[in-house]
Amino acid sequence: PEDVLDRTGPEIAQTSAAATQHASSALLQPALQPTPVMEAPDEGVIMRDRMFVRVSLTKDLSVGAGFDEETNRLAQYIEPWDWLEFMVVWRPGRIELYDDYNIPLKERVLGHKRLAYSIPLRAAKLTLYSFTDLSFCIACRAEISQNGVRTDIPWFRSISVSLFIFKAKNRSRATDWIMRLWRRLGGQLPSYVEVRSPVMDVSLKVDIPSTDEDTDAAIFSHDNLVKLCKRTLSSMPDWKYILETRLAEGAKLELAWRADTELDWVWWRDDIKGRPRDWAVLSGLALNQPGNPARLEIRIGEHFPSFLHLQDGSRLYEPQPIEGFLSRVKPRSRQSQEVYLTVHDGLLFTLIPSRANQPLPPGVAPLPSFGDNKTNYHETLRLDEVRRGARQVALARGVMDLRQVLVVRRAFQVVPAPYEPTDVPAPGNATESVGLSVVAERDEGDELDTGGEAGLQRRGGDRGYARMRRCFELVMKTGEVVRFEAYSAHYAIEWIERLRELVRYWRLRHLADAQQEMDTVHLATGKQPITPRRHVNEDDSLHPPDPLADPSAVLPYLSFMYHWCIFESCRPITKTGRLYVRQGGKRKYQLVHLFIVNGHLVQFHISGPSTFHKRRGETIQLVDTYVVSGVLAAQALPAGEYQPNAPTTARRYRDGLENNDREEDTLFIVIYYPHTFRADMDMNHAPVPTLGTTRSMLVCRARSRVERDLWCWALNTEIEKVARAHKDREEALRTTGGLYVWKDSEGKRRGGCQERREEDGNEDVCQE
């Protein structure tokens with residue numbers, strides 16, 4: 001015993017004596033007391049963002065490990081609270097959630113926001129809650145108080161497990177949070193990363209050679225990994241038949257993380273401040289859910305398809321849209337109303353002539369900016385044209401779906417008929433329709449009509465008949481007849497022929513998209529079609545059994561479904577479709593045609609048998625907007641409306657889409673701040689909402705889970721594009737508000753602190 005007690009210095013390292021000395025020295029330090037100041041915190045801020053957070057409590061201690069959407073669907077005895085927006089601050093060893101004080105001006109007096117929750121990371125469990133939203137969950141026993149500061153966890157719930165579900169506004173920012181928390185909580189990089197090429201049906205294994213994070217990030221950068229995969233794939237015999245031709249046409253190979261039928265492209269290679277995200281590729285290693293791991297794939301970054309494959313093997317290319325000034329002829333009064341018509345994505349929009357945003361006259365081009373070369377000039381023209389189309393959609397007063405058009409014809413009677421019987425002969429081919437596959441009829445007088453009043457006089461004869469030859473009619477499937485009058489007979493014929501091409505193409509386009517979606521679900525999940533495809537008098541016993549779900553199945557259509565036009569703004573409309581929508585949680589659902597255009601949500605109400613859908617409500621700004629889907633969206637509905645164990649119902653839609661997805665799998669909600677200014681104004685002038693600001697909620701129900709996932713992905717992408725276009729405003733949102741700074745009893749910090757920026761491009765941190 002004497003020899004043991006006489007040990008000193010390094011001899012007592014890793015012994016109980018060393019621990020006793022350390023504890024004794026800690027007791028001699030002055031006690032820490034909270035002193036709120038507006039300066040930078042002494043312990044350093046690793047990351048800081050505004051997020052929507054949902055807090056839930058449960059006494060089931062087994063729920064915390066691996067808590068994701070599927071677990072939430074099946075778990076019992078979970079007490080969820082409402083969604084609230086917090087300032088989420090990650091400090092060493094804990095995550096703090098701040099909100100605004102209820103008493104006015106208290107934050108200004110104290111100099112800091114209210115500490116609502118303190119989450120210790122020493123025993124926390126991190127789980128990717130939803131791949132669709134990139135929301136993540138931290139399960140732990142939250143602290144009732146932190147250094148004497150009370151939090152919102154009741155004292156009698158201290159034994160409960162707290163579940164914090166975080167939803168960041170920007171998708172790339174959420175990935176950074178998940179990756180860095182995963183590494184902080186013990187996540188280890190594997191010895192290799194598998195990269196799969198679906199189009200060539202081959203997998204490549206790329207070794208992670210070292211434990212140096214800087215070296216690993218450089219090797220697995222986007223460009224370096226694409227070059228490595230391209231060099232390996234080019235050595236295979238099928239390379240020149242499958243990929244070489246596409247790459248020669250201008251296509252590019254891109255990386256994406258895939259989970260089930262969803263893709264998350266590695267596109268945001270820089271953060272909002274423009275600093276490189278070295279872990280943009282490897283961050284997908286943390287996007288794993290129990291039983292549904294994410295897989296890295298190299299795919300061609302496809303754009304929205306511009307052609308269709310017909311049954312005879314030929315290609316049908318997307319026709320050019322048409323737009324122009326016309327006169328709407330009312331059937332009963334025969335009065336004319338000036339309108340401007342334009343076609344985007346198979347939809348016919350009507351605008352007031354004063355808000356037409358028409359293109360420049362032929363032969364007139366905008367002057368290039370000083371210093372622009374030829375390439376930049378053409379790119380500027382393309383972007384201007386996309387923005388012009390987006391403005392047209394945002395300012396349109398009505399829309400008409402060209403799929404509802406049965407016949408496009410020249411007017412054949414002077415007095416227009418408001419309706420016409422729809423019992424027309426059924427076409428021999430489902431893709432054709434009466435009045436769509438023939439050239440517009442002409443007569444000798446059409447060449448004499450030069451347009452305007454002079455053209456009517458030159459043609460001669462009956463004036464009413466001459467004006468009738470300038471008119472064309474759209475016969476809808478409901479029997480409604482819509483007549484328009486062009487400037488001359490020549491322009492009327494051009495409208496007829498162009499509209500017939502557009503109607504035929506977009507009718508086929510929607511049929512093909514619906515079939516591709518069902519084929520994707522069938523390959524990924526093994527589900528058979530609801531309506532079996534069988535021949536007459538076929539014996540069902542000869543059919544093979546249904547295949548099992550194959551998460552690694554090759555899904556070639558995913559690249560077209562998650563196309564790059566949404567990233568690069570190639571088209572005026574980012575995303576469009578029919579959804580059941582209701583404002584808030586208590587109103588009735590209404591069928592609307594929803595559009596994402598240039599950072600805005602535009603709605604057109606579909607009412608009854610009318611084929612003309614009028615504008616609905618105000619334009620919704622996607623700035624300061626969050627999107628939540630699935631079970632979380634269903635739980636936000638009024639009590640008793642969501643039935644998690646309700647039986648599924650098979651549904652079939654007019655374009656052939658069939659599914660029997662659960663109700664919560666088709667839901668998503670858009671939580672937004674209703675800015676009070678027009679859609680054509682600059683978002684930099686939008687007011688910055690506080691954390692406690694009341695927000696509006698738009699509940700949307702899609703037709704299927706795959707369609708819901710596409711909507712959520714498009715919305716999240718558009719929200720991030722809006723945030724990156726207004727970097728200063730986003731930085732102000734992220735850094736507004738003071739935090740607690742802990743000082744000792746003498747009023748001194750435990751060490752000097754100076755905010756700096758790390759050289760490798762990480763977040764601004766505070767170092768002693």
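The values are calculated or read from the model by the stated rules, or taken from the named source; none is laboratory data. Keep in mind it's a predicted model, so treat the numbers as computed, not measured. Ideal geometry is used to build each Cβ from the backbone, glycine not excepted, and the neighbour counts take in all protein chains shown. Side chains are part of the model used for accessible areas, which takes the heavy atoms of the whole protein and leaves out ligands, DNA and RNA. Shrake-Rupley method; radii C 1.70, N 1.55, O 1.52, S 1.80 Å.
Being charged (D, E, K, R), modelled with pLDDT of 90 or more, open to solvent by 10 Å² or more (accessible area, probe 1.4 Å) and not in a helix (DSSP H, G or I) is a description that applies to ARG409. Checked against the criterion of being at pLDDT 90 or above, in a loop (DSSP other than H, G, I, E, B) and at positive phi, the range 128-136 contains one or more residues that satisfy it. Just to verify a result, which residue in the range 223-269, among those that are under 23 Å from the mean Cα position of the chain (by Cα) and open to solvent by 70 Å² or more (accessible area, probe 1.4 Å), is farthest from ARG48 (Cα to Cα)? Here the answer is LYS252.
The set of residues in the range 692-707 being part of a helix (DSSP H, G or I) and open to solvent by less than 10 Å² (accessible area, probe 1.4 Å) consists of VAL706 alone. Once the range 664-691 is narrowed to residues that are within 19 Å of ALA394 (Cβ to Cβ) and part of a strand (DSSP E or B), the residue that is modelled with the highest pLDDT is VAL670.
Looking at the structure I just gave you, is ARG299 out of contact with any Cys (no Cβ under 6 Å at 6 or more places or on another chain), closer than 30 Å to ARG467 by Cβ and charged (D, E, K, R)? No: the conditions fail for ARG299. Scanning the range 720-731 for residues that are hydrophobic (A, V, I, L, M, F, W, C) and either over 14 Å from the mean Cα position of the chain (by Cα) or at pLDDT 95 or above (or both) yields one hit, ALA725. Could you tell me whether VAL536 is modelled with pLDDT of 90 or more and over 30 Å from ASP661 (Cβ atoms)? Judged against the criteria, VAL536 is not a match. Can LYS106 be described as without any contact (Cβ under 8 Å) to a residue 24 or more places away in the chain and open to solvent by 50 Å² or more (accessible area, probe 1.4 Å)? Judged against the criteria, LYS106 is a match. When each of GLU494, GLU453 is tested for being over 47 Å from the mean Cα position of the chain (by Cα) and either within 30 Å of LEU308 (Cα to Cα) or open to solvent by 30 Å² or more (accessible area, probe 1.4 Å) (or both), the lone residue that passes is GLU453. The condition of being in contact with a helix residue (DSSP H, G or I) (Cβ under 6 Å, 6 or more places away or on another chain), surrounded by 14 or more Cβ atoms within 10 Å (Cβ to Cβ) and outside any loop (DSSP other than H, G, I, E, B) does not hold for ILE272. Among the residues of the range 166-178, those identified as in a helix (DSSP H, G or I) and either farther than 13 Å from TRP268 by Cβ or without any contact (Cβ under 8 Å) to a residue 60 or more places away in the chain (or both) are ALA174, TRP177, ILE178.
Could you check, for the range 461-472, whether at least one of its residues is modelled with pLDDT of 90 or more, assigned to a loop (DSSP other than H, G, I, E, B) and open to solvent by 30 Å² or more (accessible area, probe 1.4 Å)? Among the residues of the range 461-472, not one is modelled with pLDDT of 90 or more, assigned to a loop (DSSP other than H, G, I, E, B) and open to solvent by 30 Å² or more (accessible area, probe 1.4 Å), which makes the answer no. Per this entry, GLU43 is counted among residues that are assigned to a loop (DSSP other than H, G, I, E, B), of a type in the set (Asp, Glu) and at pLDDT below 90. Of the set (1) over 31 Å from the mean Cα position of the chain (by Cα); (2) in contact (Cβ under 8 Å) with a residue 12 or more places away in the chain; (3) in a loop (DSSP other than H, G, I, E, B), all apply to PRO209 but (2).
Residue-wise test of (1) among the basic types (Lys, Arg); (2) free of Cβ contacts under 8 Å to residues at least 24 places away in the same chain; (3) under 30 Å from LEU263 (Cβ atoms).
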| residue | (1), (2), (3) |
| --- | --- |
| LEU287 | no, no, yes |
| ILE298 | no, no, yes |
| HIS303 | no, no, yes |
| SER306 | no, yes, yes |
| SER314 | no, yes, yes |
| PRO321 | no, no, yes |
| ARG328 | yes, no, no |
| ARG332 | yes, no, no |
| VAL343 | no, no, yes |
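The test for being more than 30 Å from ARG108 (Cβ to Cβ), surrounded by fewer than 19 Cβ atoms within 10 Å (Cβ to Cβ) and at pLDDT 85 or above does not hold for LEU61. So which of SER235, SER191 ends up being of a type in the set (Gly, Ala, Ser) and in contact (Cβ under 8 Å) with a residue 12 or more places away in the chain? SER191 is the lone residue from the list that is of a type in the set (Gly, Ala, Ser) and in contact (Cβ under 8 Å) with a residue 12 or more places away in the chain.
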